[in-house]
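Below is a structure I'd like to ask you about.
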Amino acid sequence: MKISRALIARHLCNLLPSRVKRRVLGDLTFVSQYGRFTQTILTFAPGISMDQSELFAAIRRALACHGNQKVADIEGNEFFVIFEDDMVFLKKMVEKGPRTLAPLGQFLILSPDKDTRIRAINKLLDWLGPTAPDFSGLLMAAEEHDVTDAETGNILEEIINGFEAHRTRIVKMNNGGKIQLDDIVPDSLSYFERFCGPNPRGLSPAEYLTKILPSCRKQLLSRNLERGLEICLLGALRDDLMPAAWTDKVTDEEMWNALDSIEMQCNPFGLLGVLDIAINRQHDERYRNLADEIMGKLLQDQLLRPDGGDCYDLLPLFSQLVLDRINVLEGGALCRPFWKRMCALMHAGILMQSTLHRQINMDALRGWVLSNRNIAGTYAKMVDLRHEPMYRAGEMSRSSLREEIIGRLVMLRDRRQATGFPVPRSEKIAEAMTRLSSKGSPLGWAMPGPLDGHRRPAEQKGRSLSETDVTNILEELSKDPFGPIWSKLAYFSQCFDLGPIILLRACEVSSGSAFEIKQLEGQTQPDRLFDICLVAAAHRNTDLARSISAIALARAPHAQSGVKALAIFHILLVASAAFERDDEWSHWIEEQLAGLANRLPQGEATKTLLEHMDHIKRVLPLERSICSRAEAIVSAAN
């Protein structure tokens, strides 16, 4: 068999000293003849990086009791791999003797002794937890032979980039000094897939949330009760995702020990999950007391941390930060909106846990979050309405979170009482609903949850308005067609099917010239138009979207400032959510943006529009060039 020249070159290159090898691999003539040789580098500390294969070979020799082994980093500096006291260390020789730089306990899996490597693998798998890939094949192979470099590389990848590795780094950074965004929010979608659930891609929200995700969560519980339960509680974002039903075979004692090891006092969704478990086990006095205690916490208007901060302020802040980050990761903006919100809320829960025993200055944190938010992430949220048109599902604020928790308590109470379980303090839930009503949110508890942006009222039973409500709305539209009725309709649209009569009247009123002239003189037009946009999106009413566009574009010649230009730009984007089909949406919004570019006054307005079209291109597929015509027009004008 003839051996290729490239293979011979690779072999000879690997025999060269590190410094010579690096120079050869960097020579363009050599690379053009023999190809680029890949090299995996491991970094242990700033300034210490080593070739993986060379390090593994040195560790194997040391574990085989061949004495201290020299190994060079990529800069040619010499170090020693030392095996002593049943541990592997990386050391460097200095004037005062060997200085330990890093313990390499995880590399005991390279041991030629079967018992040693099996113990090392089991210890690593226990640390990695239930989110890690299935390494049972590796464990079986280790019974028969030495672990290969490739197998070691696979488990090392999880040790470095898996969920537990990220969480460990987050805790470490939150206990340290100055924090960067990269320190606390991973820059990889694979992290969120391991932690929160697989990327649904083409699956419908209903299929994913009722079949795929519960199956994944049950697997986590079966692999590790305590750590799997913690993840399930962080992800208890819908009533049918509560883990109580998945753990009814677990003994009361096992469950109590598992709950005792999990910190959920700062997460209202986690507390809901624990409450459901406790209600399910009220035959045990411990669980009865726990259910009563948690219900008392969730009925209060605040959920206080040890430092006195309110979790209802902190969780939305962290969630929005994470959501923005996901939207600007490679491929992130194209993921399903409900999945991104789930990931954002679950990772925000991790951030809440990691800061639980630290004093947080909320004003400083808000400023830091604001400085780290990304404009492109905001545009991704607008575009997401096209896929999941219920705006309320994507709202991340203190009030919406508080209303969601009360709504979840209502659902839990009704579900449990229907099966004969007593619910502690159930009469207090009605009082909490009344308090919401007194603050102007009579239906806040019934609004779509963060994973329900796809559930339009028109597609659900029992969501039609009564004849009396329809009559009252039509009457108010007639009396004051340009007033606060639109805010009410936007609010109602998130819970009810407004019906054809109201929608037809809304189209007639919104297309009237009086509406346009009156709003041009005031400061409320963007807000009013935004309200109409929400109605159009929730009902997929393209006629209403066209009316909105006509009003917004008529205002464009008067938009001298960048702020006013952006207001119209945003209105058009949100209104476009009424168009469900991709081709219809892209054609319509492209036309509207071109119309906006033609009408805006040259100067600050057109420059701002051009700048923000760059941001929206970051969160759209390449084939959806909705800004190309508008960009050409604005560029020519400037």
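Indicate, rounded to the nearest 5 percent, the antiparallel portion of the DSSP beta bridges found entirely in the chain.
So the antiparallel bridges in the chain amount to around 95 percent.
Grab the DSSP H runs of the chain that are 4 residues or longer, score each as -39,500 (n - 2.57), total them, divide by all residues and round the 222 nm result to the nearest 500 deg cm²/dmol.
-18000 deg cm²/dmol
Relative to the longest principal axis of the chain, what angle (0 to 90°, nearest 10) does the C-alpha long axis of helix 499-510 take?
Approximately 80 degrees, to the nearest 10.
Report the extension gain between THR100 and SER561 in nm, rounded to one decimal, defined as 0.36 nm multiplied by the number of residues separating them, less their alpha carbon distance.
Length difference between fully extended and current span is 159.8 nm.
Related question: Only sites in a loop by DSSP and with at most 15 other Cβ atoms within 10 Å count here; which GluC sites (Glu not before Pro) in the stretch 70-113 make the cut?
GLU75, GLU95
Helix 628-637: angle to the longest alpha-carbon principal axis of the chain, degrees 0 to 90, nearest 10?
Approximately 80 degrees, to the nearest ten.
Rounded, prolate or oblate, given the Cα gyration tensor of the stretch 206-272, with a/c below 1.5 counting as rounded?
Judged from the Cα gyration tensor, the stretch 206-272 comes out oblate (a/c at least 1.5, b/c at or above a/b).
Could you give the length gained by full extension between LYS211 and ASP307, i.e. 0.36 nm per residue of separation minus their alpha carbon distance, to one decimal place?
Difference between extended and current length: 30.6 nm.
For the stretch 56-125, just say rounded, prolate or oblate: build the C-alpha gyration tensor, square-root its eigenvalues into a ≥ b ≥ c, call rounded for a/c under 1.5, and beyond that prolate if a/b exceeds b/c, oblate if not.
Since a/c reaches 1.5 and a/b is larger than b/c, the shape of the stretch 56-125 is classed as prolate.
Let me ask something additional. Once the Cα atoms of the stretch 139-275 are picked out, what are the Rg and Dmax in Å?
Gyration radius and largest Cα-Cα distance of the stretch 139-275: 17.4, 49 Å.
Using the alpha-carbon atoms, what tilt in degrees (0 to 90, nearest 10) does helix 375-384 show relative to the longest principal axis of the chain?
Tilt of helix 375-384: around 60 degrees.
Run the accessible area of the chain with a 1.4 Å probe and give the carbon-and-sulfur part as a rounded percent.
Looking at the chain in its full context, I get 51 percent from C and S.
Moving on. If you take all C-alpha pairs in the stretch 195-314, what percent of them are over 21 Å apart?
When every Cα pair of the stretch 195-314 is considered, 40 percent fall beyond 21 Å.
While we're here: State the extension gain, in nm to one decimal, for the chain segment bounded by GLU285 and SER464, taking 0.36 nm per residue of separation less the distance between their alpha-carbons.
60.1 nm
Keeping every protein chain present and rolling a 1.4 Å probe, give me the accessible area per residue for the stretch 69-175 in Å².
Result: 52 Å² of accessible area for each residue.
In Å², what does the accessible area per residue of the stretch 248-404 work out to with a 1.4 Å probe?
36 Å²
Can you give the Rg to Rh ratio for the chain, taking only C-alpha atoms and Rh from Kirkwood?
1.04
Taking N as the number of residues in the stretch 546-638, what value does Rg over Cα atoms divided by 2.2 N^0.38 Å take?
Normalised Rg, Cα atoms only: 0.98.
Determine the sum of side-chain charges near PRO448: Lys and Arg each +1, Asp and Glu each -1, restricted to other residues whose C-beta is under 10 angstrom from that of PRO448.
-1
Something else: Counting only heavy atoms of protein chains, what accessible area per residue, in Å², does the stretch 197-243 have with a probe of 1.4 Å?
Spelled out: the 1.4 Å probe surface of the stretch 197-243, per residue, equals 38 Å².
The values are calculated or read from the model by the stated rules, or taken from the named source; none is laboratory data. Small disclaimer: the values here were computed from a predicted structure and weren't measured. Here the Cβ is made from the backbone with ideal geometry for all residues, glycine too, and neighbour counts use every protein chain on show. Just so you know, the surface numbers come from the protein's heavy atoms only, side chains and all, with ligands and any DNA or RNA stripped out. Shrake-Rupley method; radii C 1.70, N 1.55, O 1.52, S 1.80 Å.
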